[in-house]
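The values are calculated or read from the model by the stated rules, or taken from the named source; none is laboratory data. Owing to the predicted nature of the structure, the values given are computational and were not obtained by experimental measurement. Ideal geometry is used to build each Cβ from the backbone, glycine not excepted, and the neighbour counts take in all protein chains shown. Just so you know, the surface numbers come from the protein's heavy atoms only, side chains and all, with ligands and any DNA or RNA stripped out. Shrake-Rupley method; radii C 1.70, N 1.55, O 1.52, S 1.80 Å.
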Amino acid sequence: MATHSTLPRRVGAIAAAVLASALVLAGCASGGSAPAASGGSAEAASFGDISVQYSWIKNEEFAGEFYAYENGYYDEAGFGEVTGIAGPDTGVAKLLSGTVQFALSDAASVGAAIAEQDAPLKIVGATFQKNPFTILSLADGGDIATPEDLIGKKIGVQDSNASVFAALLAANDIDPSELEIVPVDFDPTPLINGEVDGFMAYLTNEAITVEMAGYPVTNLAYAENGLPYVAETFTVTDQYLAENRDLIKAFLTAEIKGWTDTFTESIDDTVALVTKYYNESAAAGDLTFGELDPAKVAAGIEAQALLISTEETEANGLFTISDELKEQTLASLAASGWEITADELFDTSIIDEIYAENPDLMDYLP
């Protein structure tokens, strides 16, 4: 689940702390690395090695990346080793410190850093065309169906998601003092046990977990309640973008091929691949949540496909961000108090170049 990343006056301290931590993190890569794809070598690669910060643990959320490893797309693109670093992490501090070259993040985390601290970051593409965040509640418990239902409730929010939750409140004119925010981890057990009325989650992850455990759920989807912004965004620094356009183009091309495979390969094959990389990550000591349930992984893959494959991506290609979607994203951020422009947040020129040069890449559906 993506980094589960206040408003100019409410998040100043958080954003400042994140950016300040970049100095501390310099040179300190964290997490495990996925193996280089078969069929290539660092010596033969023209772009060398890069690191990518994942927003969440290595589960189905990164199925496309796993296919890029497994089917040699990173090698074909000219890379040596592509190190995927398990989250949760917004990646903002690590980008700014130079610890990683790419981060899979979200528009709120990146937008907050730009608006609050003038962070030199750009979103160059987006896996999720729709915001996957939700406030999850039990239908026979908190039953939070509207923003107003948040008032007076206890809501479990992870530290890394604080700014995103604050954005939801601001977009719906709800003051944090009108509810109780309870620090939680990513395990939804506190919701099931009745310790909180609502739980910040992903529609593609914990919402499925709780429902499959036999609990009818209610979802307050961010995308339908004032925050329809892009997520799982490919984010880089301005300097890296200016100095490495060919490298970024090669990387995104490999990513497009990997994510295409999630739509063209069988669901059973994708579940098996996700399980393989999840288990390797667990063996490396990364954060995990026990053994994967194949049925839950399959459900997550199908749910996130609805966020990735939309009318716009079917028309324009994976990872593209239309002008309309950019406007919706900026409006979401503005409603949360972050006023930035499209040029400050986005540079999708490389994605446009990729499809102009390789129109066959648009044919990702079976």
* **Overall dimensions of the range 193-292 by Cα: Rg and Dmax, Å** => 18.2, 51
* By what distance, in whole Å, do the Cα atoms of the range 70-154 stretch along each of the three principal axes, largest value first? -> 52, 36, 21
* Per residue Cα convex hull volume in Å³ - calculated over the range 246-315 -> 119 Å³
* To do: Please give the calculated 222 nm ellipticity per residue for the chain, where each DSSP H segment of at least 4 residues contributes -39500 (n - 2.57) and the sum is spread over every residue; nearest 500 deg cm²/dmol?
  => -12500 deg cm²/dmol
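Considering only DSSP beta bridges with both partners in the chain, what is the antiparallel share in %, to the nearest 5? All intermediate terms of the calculation are to be shown ahead of the outcome.
Working: 19 of 33 bridges.
Bridges in the chain that DSSP calls antiparallel: roughly 60 percent.
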* Asked: Taking the alpha carbon gyration tensor of the range 317-366, what are the square roots of 5 times its eigenvalues, largest first, to the nearest whole Å?
  -> 27, 12, 6
* Structure fact -> the range 173-227 -> Rg/Rh from Cα coords, Kirkwood Rh, value 0.97
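Quick check: net charge around Tyr278, other residues with Cβ under 13 Å of its Cβ, Lys/Arg +1 and Asp/Glu -1? Write down the numbers at each step before the final one.
Numbers: positive: Lys58, Lys276, Lys296; negative: Glu60, Glu61, Glu65, Glu280, Asp286, Glu291, Asp293.
Charge balance near Tyr278 sits at -4.
Say the cut-off is 18 Å between C-alpha atoms; which of Lys122/Lys249; Lys276/Lys296; Lys122/Lys326; Lys58/Lys296; Lys130/Lys154; Lys94/Lys122 go over it? The partial results should precede the final answer.
Numbers: Lys122/Lys249 14 Å; Lys276/Lys296 15 Å; Lys122/Lys326 13 Å; Lys58/Lys296 14 Å; Lys130/Lys154 26 Å; Lys94/Lys122 14 Å.
Over 18 Å Cα-Cα: Lys130/Lys154.
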* Structure fact -> Expected vector for the range 312-327, Karplus 3J(HN,Hα) from phi with 6.51, -1.76, 1.60 and θ = phi - 60°, integer Hz, x for Gly and Pro, equals 5, 6, 5, 8, 10, x, 4, 6, 5, 10, 5, 4, 5, 5, 4, 4
* the range 62-197, accessible area per residue, ligands and nucleic acids excluded (1.4 Å, Å²) -> 30 Å²
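If you count, for each residue, the other Cβ atoms within 10 Å and average over each peptide, how do 202-213, 144-155, 57-68 line up from highest to lowest? It would help to have the intermediate numbers written out before the result.
Details: 202-213: 21.3, 144-155: 17.0, 57-68: 26.2.
The peptides rank, most packed first, as 57-68, 202-213, 144-155.
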* What percentages, rounded to whole numbers, describe P(r) for the range 53-194 computed over all alpha carbon pairs with 10 Å bin width beginning at zero? -> 9, 33, 32, 18, 6, 1
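What do you get for Rg/Rh over the range 46-94 if you use C-alpha atoms and the Kirkwood form of Rh? Display every interim value, and only then the final one.
Working: Rg = 11.3 Å, Rh = 11.4 Å.
So for the range 46-94, dividing Rg by the Kirkwood Rh gives 0.99.
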* **J(HN,Hα) series, the range 288-300, from Karplus relation 6.51 cos²θ - 1.76 cosθ + 1.60, nearest Hz, glycine and proline x** => 9, 10, x, 6, 6, 8, x, 5, 5, 4, 4, 5, x
* Nonlocal amide H pairs with Val217, under 5 Å, H built at 1.01 Å -> Ala139
* Mind listing the phi-derived Karplus ³J(HN,Hα) values for the range 117-123, rounded to whole Hz, using 6.51, -1.76 and 1.60 with θ = phi - 60°, and x for any glycine or proline? -> 10, 6, 5, x, 10, 9, 8
* To do: Taking amide H positions as placed in the peptide plane 1.01 Å from N, state which residues far from Gly84 in sequence (5 or more) or on other chains have amide H under 5 Å from it.
  => Ala34, Val52
* Asked: Sequence-distant or interchain residues sharing an amide H contact under 5 Å with Gly156, placed H: which?
  -> Val182, Asp197, Gly198, Phe199, Met200
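Can you tell me the order of 70-82, 302-314 when each peptide is scored by its average per-residue count of other Cβ atoms within 10 angstrom, highest first?
In decreasing order of mean packing, 70-82, 302-314 become 70-82, 302-314.
What number, in nm² with one decimal, is the all-direction average of the projected area of the convex hull of the alpha-carbon atoms of the chain?
Details: hull surface 66.0 nm².
The directionally averaged projection comes out at 16.5 nm².
Hey, any idea what % of the range 236-366's accessible area is carbon plus sulfur with a 1.4 Å probe? Intermediate results must be reported in sequence, preceding the final value.
Details: 2940 of 6020 Å².
Carbon with sulfur: 49 percent of the solvent-accessible area.
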